[in-house]
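Novice: Okay, here's the structure, questions in a sec.
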Amino acid sequence: MDVNQPKQEHLLALKVMRLTKPTLFTNIPVTCEERDLPGNLFNQLMKDDPSTVKGAETLMLGEMLTLPQNFGNIFLGETFSSYISVHNDSNQVVKDILVKADLQTSSQRLNLSASSAAVAELKPDCCIDDVIHHEVKEIGTHILVCAVSYTTQTGEKMYFRKFFKFQVLKPLDVKTKFYNAETDEVFLEAQIQNITTSPMFMEKVSLEPSMMYNVAELNTVDTAGKSESTFGARTYLQPMDTRQYLYCLKPKQEFAEKAGVIKGVTVIGKLDIVWKTNLGERGRLQTSQLQRMAPGYGDVRLSLETIPDTVNLEEPFDITCKITNCSSERTMDLVLEMCNTNSIHWCGVSGRQLGKLHPSSSLHLALTLLSSVQGLQSVSGLRLTDTFLKRTYEYDDIAQVCVVSSEVKQS
């Protein structure tokens with residue numbers, strides 16, 4: 001990790017150490033049955049071992065903490081902390097000491113030094129200490145550049161640098177899927193996978209919506225009046241495990257009635273993920289703005305506002321449709337035609353004028369129909385014609401309804 005310049009005799013020594021949380025000491029239990037040759041020797045040795053848990057000596061996990069033995073892994077979203085010490089190894093007083101720490105990434109160079117002022121003098125066997133912190137926001141190769149400049153008693157200006165190279169790894173694999181509902185709602189499924197080698201405690205996974213949407217999390221259930229996570233009380237994510245989070249986004253009231261605006265919105269928001277590892281080391285990851293494929297409704301959109309789940313065979317039932325002019329600049333003059341299918345029969349006058357529909361405006365339409373076939377039937381056969389452009393829009397498979405015999409429904 002340490003790549004240094006050619007060695008040169010300097011009065012000062014630079015030492016850099018990464019600061020991380022310790023780990024729990026582990027040992028390998030060695031035991032045997034009493035009738036074996038060693039008898040109770042191994043069991044007694046484990047009981048006398050100060051690193052074992054009293055009463056549970058056969059567990060590998062001990063009560064002691066172990067200081068880091070190597071540089072370890074650094075993951076995106078974690079905070080990189082390092083201790084920098086400059087020690088005067090000579091018997092001379094050194095003046096004008098300036099310690100500078102920069103972090104070089106693939107795209108930028110950051111100054112991490114707490115102070116840019118030089119220290120007036122440093123006596124023999126004294127040191128200058130500094131602790132730097134940086135939240136890692138890029139993956140790939142990082143180089144910590146530590147530079148020291150000082151002046152000797154003879155007035156000679158000295159300078160040296162040390163380079164510490166390390167890799168920043170990706171801790172999570174995040175995949176998203178969007179589902180566009182007919183009611184302008186957008187459902188987001190986020191799949192989060194732990195691709196590290198240690199378990200994670202998922203402290204928070206939230207969606208920060210864009211300005212046009214309100215968000216509702218669908219990751220809890222109500223049990224006895226209390227809201228509980230669908231993942232249980234302890235939201236641990238084991239290595240290589242994947243968890244799905246679901247969110248529902250609804251347009252804000254001021255935008256919901258502007259069909260043309262909502263239709264073109266592709267930016268949904270961004271995920272904010274917070275986790276903890278080992279002894280509480282915290283990491284945070286924010287995705288870039290999530291974008292969906294805008295649904296193609298065309299110039300005219302027809303959606304169902306109300307429809308019954310179950311209806312009686314050969315008995316009329318009502319539905320309510322919402323017709324929206326998705327154009328932002330063109331007024332439409334619409335005519336409604338209702339075409340019967342093998343199972344669905346419309347009640348009313350076909351070919352009636354609906355009047356003019358201005359850009360980005362909507363109208364609600366109540367219709368009556370009946371079904372002559374039992375089972376799950378698809379509502380189809382509506383046609384809208386724009387008399388200005390002589391263009392016809394066909395709407396089939398708008399929704400499905402369960403048709404049962406009247407005797408079955410009454411019983």
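The values are calculated or read from the model by the stated rules, or taken from the named source; none is laboratory data. Fair warning: this is a prediction, and the values are worked out from it, not measured in the lab. Virtual Cβ from ideal backbone geometry, glycine too; neighbours counted across all protein chains shown. Remember, those area values only see protein heavy atoms, side chains included, never the ligands or the DNA or RNA. Shrake-Rupley method; radii C 1.70, N 1.55, O 1.52, S 1.80 Å.
Novice: Residue by residue, what Karplus-based ³J(HN,Hα) values in Hz, rounded to whole numbers, does the stretch 326-340 have, using 6.51, -1.76 and 1.60 with θ = phi - 60° and x for Gly and Pro?
Specialist: 7, 6, 9, 9, 10, 7, 10, 10, 9, 10, 9, 10, 10, 10, 6
Novice: When only Cα pairs under 8 Å and 6 or more residues apart are kept, what is the percent relative contact order across the chain?
Specialist: It rounds to 11 percent for the chain.
Novice: Heavy atoms only, probe 1.4 Å: what % of the accessible area of the chain goes to carbon and sulfur, would you let me know? Can you show the working numbers first?
Specialist: Details: 12020 of 23550 Å².
Looking at the chain in its full context, I get 51 percent from C and S.
Novice: Could you put ILE28, ILE273 in order of accessible surface area, largest first, with the 1.4 Å probe and the full protein assembly present? Kindly include the intermediate steps, with their values, before the conclusion.
Specialist: Working: ILE28 140, ILE273 0 Å².
Accessible-area ranking of ILE28, ILE273, largest first: ILE28, ILE273.
Novice: Excluding residues on the same chain fewer than 8 positions from LYS162, give the lysines whose Cα lies under 19 Å from its Cα.
Specialist: The qualifying lysines are LYS7, LYS15, LYS100.
Novice: Related question: Residue by residue through the stretch 268-280, what is 3J(HN,Hα) from phi via Karplus (6.51 cos²θ - 1.76 cosθ + 1.60, θ = phi - 60°)? Round to whole Hz and write x for glycine and proline.
Specialist: For the stretch 268-280, the Karplus-derived couplings read 9, x, 9, 8, 10, 10, 10, 9, 9, 10, 6, 9, x Hz, x marking Gly and Pro.
Novice: Could I ask something else about it? Quick check on packing: order 66-76, 106-116 by the mean number of other C-beta atoms within 10 Å, highest mean leading. Could you put the intermediate results ahead of the total?
Specialist: On the way: 66-76: 13.5, 106-116: 11.3.
Most protected by this proxy first, the peptides run 66-76, 106-116.
Novice: Here is a follow-up. Sorted by average packing, counted as other Cβ atoms within 10 angstrom per residue and highest first, what order do 220-227, 156-163 take?
Specialist: Details: 220-227: 8.2, 156-163: 13.2.
Per-residue Cβ counts within 10 Å, averaged per peptide and sorted highest first, yield 156-163, 220-227.
Novice: To make sure I understand the rule: partners must be lysines, Cα under 25 Å from the Cα of LYS250, and not fewer than 8 residues away in the same chain. Which ones qualify?
Specialist: Within reach: LYS175, LYS177, LYS204, LYS226, LYS258, LYS263, LYS270, LYS322.
Novice: In square angstrom, what is the accessible area per residue of the chain with a 1.4 angstrom probe? Walk me through the numbers on the way to the answer.
Specialist: Working: 23550 Å² over 411 residues.
Dividing the accessible area of the chain by its residue count gives 57 Å².
Novice: If each DSSP helix of 4+ residues adds -39,500 (n - 2.57) and the sum is divided by the residues in the chain, what number results at 222 nm, nearest 500 deg cm²/dmol?
Specialist: Numbers: 4 runs with 22 residues, N = 411.
When only DSSP H runs of four or more count, the value is -1000 deg cm²/dmol.
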